[in-house]
Every structure is written in C-alpha cells, then in structure tokens.
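We did not get these values from a lab; they are worked out from the coordinates using the rules stated. Owing to the predicted nature of the structure, the values given are computational and were not obtained by experimental measurement. Ideal geometry is used to build each Cβ from the backbone, glycine not excepted, and the neighbour counts take in all protein chains shown.
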C-alpha cells in the first residue's frame, strides 16, 4: 500500500511561508491499494488538490473520522463532486442526533455554501460505518470509536498482510497515564495493535499540553507511548498544530526520534507527516509490546 499526504494540519488551514515544507492544508490522505483501488481518508482542505488528480476516477470512497470542520471543509471544493459521471460514497460515524447526510448537509448548504448536497451533479451516498469489519476496494476496513470530542472514529485498514491504522484526532491519555493502563482501558488499542504503520495525532509538544487537556488531541510523549504499547512498526506523526512553523515541527521531530530511541526503537521508524510526501507500507514482523 502507498499512502500520500495531501493535508497534515489540524484545526484550521495554516498557509504561509513559515509552513511551506510541512504544508498548510488540513487532514487528507490518499491510500493506494495494490489492485489499483484507492481510498481517501478525511476531506480536509487537502482533498481539493487531490481531486484534481482523480480526473479518470468514476467511483470514489471517502472515509471520514468525524465531522469537525478541518476534516470535511474540502468536500465543497472537491472537483469530482461536480462531475455527473462520478459516484462518491462517503463513510462516517453514526450519531443518534441525525443521519450522516443531514449532518454534512449543515455545511454544504446556505449560508455556508452556494450549493446544497442535493444539488451536486455527482451521485453521492452516505453510509454509517458498520459495527464490524467490511470489505472495500479489496481491503478489509474496521472502524472503532476513539477518545475525541463528538462521535469520532479511528480506522484500521488491512490489505493482504499489510495493515495501517489512521487515528488523526485522539487523546488516549485523557484521565490516566498510558504507561500503566491495561490495554482494554486504552482508547484505540485494538485498532492499532501490531500495525505496519500508525498515523496518529501529535498536535502538541509536552510543554503545550497542560493548557489543552480535554481538547481531544495528543502530546508527543503520549503518542510515542501509545505507539510503543500497541507495537506499531512505524509511526507517522500527524495533525500538526496550525501555529507550529516548519522550524517548530523540525524540533518536535528531533524530540520524537530521541525519545523513540530511548524506548529501544529505531529512529528511522518515525516520520513527521509532510504535504506531498508518500509512504510505502509493507508487512513485517510486529514489534514487541511494552
């Protein structure tokens, strides 16, 4: 599987010269499967540029983790939405409040949008993620609720022997230190267990986190502890704070690799997500659990 980053920011787009290397678009990943099928993970502003590359696609699957604006605001600007021959299937979290379509339509409607969902030229459908695993584009998908504000999912995607976990908005240490918790009490543990690549929230440095407890995002040390506990083979740090410049993200990357080595791991197993970067994911023997 090949993963390409089209947007790695969290909360709000962060354009500008100080953000050029890591990019300013919000959450969007493209996952290319070995059989040629593709899945899109979240629809932040990065999906606009991705849509320009999908001119020949007739069927598109988008997996939404949740409906906060930074994960859906690119939908209105996704070029395939305006092609009549395209079928788009949008998967996302269920809510007792309203259907997935009704909740997304609050954004794609007046006064926020000049076009409503029902007016889109494409054929679009909305589906709550199943409670169990399901097959999609040749891959096996599993979605589970994770700790974040509002109905929020993480995804585990398996294709053959290769596995990826995508958990971009997550605060697993909310309420208790991760190092001492039993696995059944750690949000997202089974979802990410032994994956070849874990894409995980790392919005805050440790010194920033005390002012943001309960906001639904992780500090660096908690992300590393979570990755070590689940036995992830590789880690892609994601959902960068919109105030973090390229230089600040470089510093966090240095801190991450230093701390990862202190856990007995290889620093090459960690990367900072950068817009435009691709990651080839291959299966391997799982890392040992801590």
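For the chain, the longest principal axis of the Cα atoms and the long axis of helix 246-262 meet at an angle of about 50 degrees. From helices alone, the chain scores -4000 deg cm²/dmol at 222 nm; the rule is -39500 (n - 2.57) for each run of n ≥ 4 DSSP H residues, then divide by the residue total.
Normalised by the number of residues in segment 2-276, the average gap of Cα pairs under 8 Å and 6 or more apart makes the relative contact order 17 percent. Segment 1-74 and segment 201-218 have Cα centres separated by 23 Å.
Rounded, prolate or oblate: which fits segment 92-176 when a ≥ b ≥ c are the square roots of the eigenvalues of the alpha-carbon gyration tensor, with rounded for a/c under 1.5 and prolate only if a/b beats b/c?
Details: a/c = 2.48, a/b = 1.39, b/c = 1.78.
Judged from the Cα gyration tensor, segment 92-176 comes out oblate (a/c at least 1.5, b/c at or above a/b).
Ranked by the mean number of other Cβ atoms within 10 Å of their residues, highest first, the peptides 100-111, 202-213, 154-165 come out as 154-165, 202-213, 100-111.
A simple packing score, the average count of other Cβ atoms within 10 Å per residue, orders the peptides 181-189, 224-232 as 224-232, 181-189, with the highest score first.
Each peptide in 18-28, 112-122 gets a packing score, the mean of other Cβ atoms within 10 Å over its residues, and the list from highest to lowest is 18-28, 112-122.
Over segment 130-223, what is the relative contact order in percent, taking alpha-carbon pairs closer than 8 angstrom and at least six residues apart? Relative contact order, segment 130-223: 26 percent. Model label sites at residue 215 and residue 243, defined 7 Å from Cα along the beta-carbon direction, differ in position by 0.7 nm. When you restrict to C-alpha pairs under 8 Å that are six or more residues apart and normalise by the size of segment 78-164, the relative contact order lands at 27 percent.
Measure nothing but the geometry: give the 0 to 90° angle between the long axis through the Cα atoms of 220-230 and the longest principal axis through the Cα atoms of the chain, rounded to 10°. So the inclination is approximately 90 degrees.
What shape does segment 153-276 take by its C-alpha gyration tensor, where a ≥ b ≥ c are the square roots of the eigenvalues and a/c under 1.5 counts as rounded, a/b above b/c as prolate, and the rest as oblate?
rounded
FRET efficiency for the residue 105 to residue 261 pair, using the beta carbon distance and R₀ = 41 Å, is estimated at 0.30. Once the Cα-Cα distance is subtracted from the 0.36 nm per residue extended length, the residue 55 to residue 280 segment shows a gain of 78.7 nm.
Please give the FRET efficiency for residue 84 paired with residue 131, using the beta carbon to beta carbon distance and R0 = 45 Å, rounded to the nearest 0.05. The partial results should precede the final answer.
Values: r = 33 Å, r/R0 = 0.74.
The value I calculate is 0.85.
Each 10 Å bin, from zero up to the one with the longest distance, holds this percent of the alpha carbon pairs of segment 2-276: 7, 31, 38, 20, 5, 0.
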